[in-house]
Ligand SMILES: Cc1ncc(COP(=O)(O)O)c(C=O)c1O
């Protein structure tokens, strides 16, 4: 069979809109072009009208893009086409074609995240794999500690708890974050812990979310990174929510390790994430699963490029996701719409609920906003997401938060995407008020029944 044509050169027009241009026909066709379309000057209007570009069921309103993301139909089509190409001639694919294609993708994504060199980027299926690769690879000296925030994602905490079997529990150093905290207060809380006599010079690695999951807060990762590095600590940034939700610049951030999911906000299919490792730290890191080595210029590239037989279609479709973004008007237009809708969402929901958004400073969140629920009934709050799903065809996380005042309050996290608009938010707000009203009526009925029995 004739080898498929693969073009790997990166366009001279690279760096337009902050990333190299690359594209492939949505039909796949076995050809990788290296030229993205420019950002569309007249993109379609954002809002509910765009839902037909995504694979949602007819009446589904996705207000939880943050959990699992949602790839556009064109990206799913590209992934299907890559799958087809792989199965067309598996030996041609795995032995000859895929590494060239992946090299191309590495260049594209390195450029997109502002890395100085594609050699510093590896693909992993998700943030959990990336974080595990880092945490399981490093050998923590017995007199050093790992610092993390109480708001770290569960996966990070679970991995550390598991790994603490091989070091002492006292080596884990959680820093308590009590929301709402400002960026300055967060930096100060970490500084205070780092400067305690028992911790000074003892922190080996510090881990921070780039954007916390709940509540959805952007952390001051650049300042935290510089602070921890000044205290001789390595820094791992969990950017699961950052890729595609906010602009990124790896060179400027200068962390030691950074992981980001494509399948959340970038619009690539599930199972597409990046691990960026600073050049001088790469020899420390091995993938969690070691197999034959793939191809690449460095040991880091080689080991991560083949961790056992698996499909590369999700990774390769990241270029289709970037093409989609260009077709929608480019990153700046997407970021702007999502954030402005999140701010409006906070205002509208807090008006409907008679409450407030958690973070008064809207620079601390991007496309996800947390709003207080008008109830303190924990049992009811627990049922709200599933009731929304069964009765209103939507779902948002509802969760308790212990605040500064030591009181527990309940919040919703709403994700705002280019396929949402305020009518979705109004529907959500009214649905929640109805659920709360219905619950109150039920309670009254029960009480009356009880009184009647007595
Ligand atoms: C902050 C954060 N880190 C890591 C993850 C894990 O992502 P994945 O399940 O794709 O590994 C998530 C998922 O929501 C997250 O919010």
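Can you go through 236, 219, 173, 275 and tell me which one is touching a helix residue (DSSP H, G or I) at 6+ places or on another chain (Cβ under 7 Å) and under 30 Å from residue 55 (Cα atoms)? Break it down into steps so the answer makes sense when it comes.
Details: 236 fails: under 30 Å from residue 55 (Cα atoms); 219 fails: under 30 Å from residue 55 (Cα atoms); 173 fails: under 30 Å from residue 55 (Cα atoms).
Result: 275 is the single residue among 236, 219, 173, 275 that is touching a helix residue (DSSP H, G or I) at 6+ places or on another chain (Cβ under 7 Å) and under 30 Å from residue 55 (Cα atoms).
Of all residues in region 223-255, how many are closer than 16 Å to residue 278 by Cα and either under 12 Å from the mean Cα position of the chain (by Cα) or not assigned by TED's automatic domain parsing to the domain that holds residue 284 (or both)? Before the answer, list the steps.
Going residue by residue through region 223-255, those that are closer than 16 Å to residue 278 by Cα are 225-226, 228-229, 232-239, 248-255.
Among the residues that remain, those that are also either under 12 Å from the mean Cα position of the chain (by Cα) or not assigned by TED's automatic domain parsing to the domain that holds residue 284 (or both) are: 237-239.
Qualifying residue count, region 223-255: 3.
Quick test of your reading of the structure: residue 294 fulfils all but one of (1) within 16 Å of residue 106 (Cα to Cα); (2) within 12 Å of the ligand (Cβ to nearest atom); (3) not in a strand (DSSP E or B). Name the failing condition by number.
(2)
In region 206-244, what residues are more than 16 Å from the ligand (Cβ to nearest atom) and in a strand (DSSP E or B)? Working first, answer last.
Step one: of region 206-244, the residues more than 16 Å from the ligand (Cβ to nearest atom) are 222-223, 225-234.
Of everything in region 206-244, just one residue is more than 16 Å from the ligand (Cβ to nearest atom) and in a strand (DSSP E or B), namely 234.
Among (1) within 24 Å of residue 304 (Cα to Cα); (2) in contact (Cβ under 8 Å) with a residue 40 or more places away in the chain; (3) crowded, with 16+ Cβ neighbours inside 10 Å, there is one condition residue 155 misses while meeting the rest; what is its number?
Status for residue 155: all satisfied but (2).
The values are calculated or read from the model by the stated rules, or taken from the named source; none is laboratory data. Just so we're clear, the structure is a prediction, and the values are computed from it rather than from any experiment. Virtual Cβ from ideal backbone geometry, glycine too; neighbours counted across all protein chains shown.
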